[in-house]
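These notes concern the structure reproduced below.
The values are calculated or read from the model by the stated rules, or taken from the named source; none is laboratory data. All values derive from a computational prediction rather than experimental measurement. Cβ coordinates were reconstructed from backbone atoms using ideal geometry, including for glycine residues, and neighbour counts include every protein chain displayed. Only protein heavy atoms, including side chains, enter the accessible area calculation; ligands, DNA and RNA are left aside. Shrake-Rupley method; radii C 1.70, N 1.55, O 1.52, S 1.80 Å.
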2 protein chains.
Amino acid sequence: MAERVDKVAARRAELAAATLRTLAELGYARTSLREIAQNSEFSHGVLHYYFQDKVDLITHCVREYKAICVTRYDQVVATATTPAQLREGFLEKLAQTLVEEPHMHRLWYDLRNQSMFEPSFRVDVAAIDDSLERMVWRVVSRYADLVGTPPLVTPPVMYALFDGLFQQALLRQLAGDPAAAADLQAGVTAVVAQVVPADRAAVPG
Amino acid sequence: MAERVDKVAARRAELAAATLRTLAELGYARTSLREIAQNSEFSHGVLHYYFQDKVDLITHCVREYKAICVTRYDQVVATATTPAQLREGFLEKLAQTLVEEPHMHRLWYDLRNQSMFEPSFRVDVAAIDDSLERMVWRVVSRYADLVGTPPLVTPPVMYALFDGLFQQALLRQLAGDPAAAADLQAGVTAVVAQVVPADRAAVPG
DNA sequence: GGAAAATCTTGACGACTGTCCAGAGGGCGG
DNA sequence: CCGCCCTCTGGACAGTCGTCAAGATTTTCC
């Protein structure tokens, strides 16, 4: 019986992976179930065997997507012992994912935008946004610990700043700007310097 | 002859307005030409009389949209004579447009996102983004003048920060969060305090 | 092995899409 | 008054869409 469930879960994951590939390539507006099926090794009918409808399918994909993203910088946070190590490790991973996975990132922004129009996406999208905010805050608060000064903005604001910088960089990356990644690193560095000041007299209270 | 041109331009603008209304309501993914026509006083056939195809229509709308947005804060910049006046005026207009025109803003983010998938939108979207960046910079650099200290980040970074904050606020506003506008104002205030420091020994003699 | 259940394919359905076009309406110059 | 041209309508077209269900295929179990 447990094998049954696992088998079904595995197939659902397989179809979800094909869906994510298709969404990343075409975007939400142009992704159809038949296109998804063609990106898998099954026919289009099977999608309605494992998922109730299109919204159910995409919602499931969004939840799977979450698991991929959210631990991206945890390794860096866990291993860094100096502010410079953490900063450099983070900046490198940031630029790496921008250059190597721009399609997945534009998919995320696409789906988050859809949630502004389609209420059925809102709960899951908001949950992912919260996870990303916590991910950013794990990095920033660890960095603040290492430099000895607390961050000067709240977690939601911090996340919004990083998100804005990353989104602009993604637009330029997808437009073919070769300096997108480097400028993103510079921008993040400049902002962090202001918001988690390392040099200033680090005397709390 | 000039009247002919004006008449055509007026009708194009009329249809573009109906298109913008439809896009703001439904989003790019669910906007069809027939739906646009129903939001106007004409039939769907006329759209192909004034526009080459759907992409041409939407591109034209995006260009019109630009004119609406870009001068939003110029009045505040022109009339403010103290940092507090400028800050308060800007924050008020920022919150006002978030609350009163969330649909137009989600449309903008939707179209900007589409440009990540559809290269035909990229040029116009990038041009609008530049305009918005300059708009933000007019406000910030004027504010910096008034407080007597230069901004500590570049215009692109400054725009990315504001954009990130606004987008998060928009998500919450559309999800029904009544504190979205106030939190946006608080976030912007906090960031500006770090990035255009007012207090630090820079009082003009 | 054979029955039963799970899984997958295939084709169909009505609805909707962008695009095109034949022709209707109407105002204007002659 | 006619005829012309600009404007607009509404239907037709060839696709595509999500959804569904009947049947074929495979797997499971006794």
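Among the listed residues A:145, A:130, A:183, identify the single one that is touching a helix residue (DSSP H, G or I) at 6+ places or on another chain (Cβ under 8 Å) and in the same structural domain as residue A:76 (by TED's automatic domain parsing).
Values: A:145 fails: touching a helix residue (DSSP H, G or I) at 6+ places or on another chain (Cβ under 8 Å); A:130 fails: touching a helix residue (DSSP H, G or I) at 6+ places or on another chain (Cβ under 8 Å).
Matching residue, one of A:145, A:130, A:183: A:183.
Just the residues that are open to solvent by less than 10 Å² (accessible area, probe 1.4 Å) and within 11 Å of chain A (Cβ to nearest Cβ), please, taken from region B:122-146.
Hit for region B:122-146 is B:125, nothing else.
With the condition kept exactly as written, say whether any residue in region A:72-93 is more than 30 Å from residue B:123 (Cα to Cα), over 12 Å from the mean Cα position of the chain (by Cα) and within 14 Å of chain B (Cβ to nearest Cβ). Full working, then the answer.
In the first step, residues of region A:72-93 are kept if they are more than 30 Å from residue B:123 (Cα to Cα); the result is A:72-90.
Filter again for over 12 Å from the mean Cα position of the chain (by Cα), leaving A:74-90.
From what is left, the residues that are within 14 Å of chain B (Cβ to nearest Cβ) are none.
No, every residue in region A:72-93 fails to be more than 30 Å from residue B:123 (Cα to Cα), over 12 Å from the mean Cα position of the chain (by Cα) and within 14 Å of chain B (Cβ to nearest Cβ).
Of all residues in region B:178-194, which are of a type in the set (Val, Ile, Thr) and open to solvent by 40 Å² or more (accessible area, probe 1.4 Å)?
First pass over region B:178-194, keeping only residues of a type in the set (Val, Ile, Thr): B:188-189, B:191-192.
Passing the criteria: only B:189.
Name the residue that is farthest from the other protein chains (Cβ to nearest Cβ), counting only residues in region B:157-195 that are over 13 Å from residue A:161 (Cα atoms) and of a type in the set (Asp, Glu).
Per the criteria, the residue is B:177.
Report, ordered by the first and then the second residue, all pairs with beta carbons closer than 6 Å, sequence separation of six or more or different chains, a first member in region B:55-81 that is modelled with pLDDT of 95 or more, and a second member that is outside any helix (DSSP H, G or I).
If the second residue must be outside any helix (DSSP H, G or I), the pairs left are B:57/B:51.
Is at least one residue of region B:109-116 over 20 Å from residue A:28 (Cβ atoms), open to solvent by less than 10 Å² (accessible area, probe 1.4 Å) and not hydrophobic (A, V, I, L, M, F, W, C)? Even if it seems obvious, please write down each step before you answer.
Here is the first cut: in region B:109-116, the residues over 20 Å from residue A:28 (Cβ atoms) are none.
So far as region B:109-116 goes, no, none of its residues is over 20 Å from residue A:28 (Cβ atoms), open to solvent by less than 10 Å² (accessible area, probe 1.4 Å) and not hydrophobic (A, V, I, L, M, F, W, C).
Going by the conditions given, is residue A:46 more than 16 Å from DNA strand D (Cβ to nearest atom) and of a type in the set (Val, Ile, Thr)? Don't jump to the end; show me each part of the working.
On the way: more than 16 Å from DNA strand D (Cβ to nearest atom): no; of a type in the set (Val, Ile, Thr): yes.
No.
What are the residues in region B:141-188 that are of a type in the set (Asp, Glu) and closer than 28 Å to residue A:128 by Cβ, if any?
First, pick out the residues of region B:141-188 that are of a type in the set (Asp, Glu): B:145, B:163, B:177, B:183.
B:163, B:177, B:183, listed by residue number.
Within the bounds of region A:17-28, is there any residue that is over 22 Å from residue A:120 (Cα atoms) and either assigned to a helix (DSSP H, G or I) or away from DNA strand D (no atom under 12 Å from the Cβ) (or both)? Walk me through it before giving the result.
Step one: of region A:17-28, the residues over 22 Å from residue A:120 (Cα atoms) are A:25.
Checking the rest, the ones that are also either assigned to a helix (DSSP H, G or I) or away from DNA strand D (no atom under 12 Å from the Cβ) (or both) come to A:25.
Looking through region A:17-28, at least one residue is over 22 Å from residue A:120 (Cα atoms) and either assigned to a helix (DSSP H, G or I) or away from DNA strand D (no atom under 12 Å from the Cβ) (or both).
Collect the residues in region A:34-65 that are away from every other protein chain (no Cβ under 14 Å) and within 17 Å of residue A:118 (Cβ to Cβ), keeping them in residue-number order.
The first filter runs over region A:34-65 and keeps only residues away from every other protein chain (no Cβ under 14 Å), leaving A:34, A:36-53, A:56-57, A:59-65.
Passing the criteria: A:51, A:52, A:53, A:56, A:57, A:59, A:60, A:61, A:62, A:63, A:65.
Run down A:36, A:58, A:68 and say which single residue is closer than 28 Å to residue B:109 by Cα, in a helix (DSSP H, G or I), away from DNA strand C (no atom under 15 Å from the Cβ) and open to solvent by less than 50 Å² (accessible area, probe 1.4 Å). Don't jump to the end; show me each part of the working.
Details: A:36 fails: away from DNA strand C (no atom under 15 Å from the Cβ); A:68 fails: open to solvent by less than 50 Å² (accessible area, probe 1.4 Å).
Going through A:36, A:58, A:68 in turn, the sole match is A:58.
Is at least one residue of region B:9-21 within 13 Å of DNA strand C (Cβ to nearest atom), of a type in the set (A, V, I, L, M) and surrounded by fewer than 18 Cβ atoms within 10 Å (Cβ to Cβ)?
no
If you check A:149, A:154, which single one turns out to be of a type in the set (S, T, N, Q), open to solvent by 20 Å² or more (accessible area, probe 1.4 Å) and either in contact with a Lys or Arg (Cβ under 8 Å, 6 or more places away or on another chain) or within 14 Å of chain B (Cβ to nearest Cβ) (or both)? Break it down into steps so the answer makes sense when it comes.
Details: A:149 fails: open to solvent by 20 Å² or more (accessible area, probe 1.4 Å).
After applying the criteria, what remains is A:154.
Please indicate, with yes or no, whether at least one residue in region B:25-32 is within 12 Å of DNA strand C (Cβ to nearest atom) and more than 14 Å from chain A (Cβ to nearest Cβ).
No.
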